[in-house]
Amino acid sequence: MKNFLDALAAVLAGNAIYYLLMPHLPSVARHGLFKEDWGLLVDFAICTMIFVVVKYLRRNEGERR
């Protein structure tokens, strides 16, 4: 369940960050609805980075206990 919540938090936060940044990105990095494009890859990369950070912080939290 923790993994699901970590992934959900990463996707929600990553998408929020991407859609806030999207107007400032070059047109090639903007995602179009129902398309596989570079914008989708940028969005995925942001979500993945957040997921890795959340997992790293959770791992460090367990070591402190």
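The values are calculated or read from the model by the stated rules, or taken from the named source; none is laboratory data. Every value quoted in this text rests on a predicted model; they were computed, and no experiment measured them. Here the Cβ positions follow ideal geometry from the backbone for every residue, glycine too, while neighbour counts run over all protein chains shown.
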Name the residues in the stretch 34-64 that are surrounded by 12 or more Cβ atoms within 10 Å (Cβ to Cβ) and either acidic (Asp, Glu) or more than 22 Å from residue 7 (Cα to Cα) (or both), would you?
37, 43
Log entry, pairs with first residue in the stretch 11-33 being surrounded by 15 or more Cβ atoms within 10 Å (Cβ to Cβ), second being of a type in the set (A, V, I, L, M), beta carbons closer than 6 Å, six or more apart or on different chains, reads 13/50; 14/46; 14/50; 17/46; 18/46; 29/42; 30/22; 31/40
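Is it the case, given these coordinates, that residue 3 is modelled with pLDDT under 95 and within 15 Å of the chain's Cα centre (by Cα)?
Values: modelled with pLDDT under 95: yes; within 15 Å of the chain's Cα centre (by Cα): yes.
Yes.
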Extreme residue, nearest to residue 55 (Cα to Cα), among residues of the stretch 5-45 that are among the acidic types (Asp, Glu) and part of a helix (DSSP H, G or I)
6
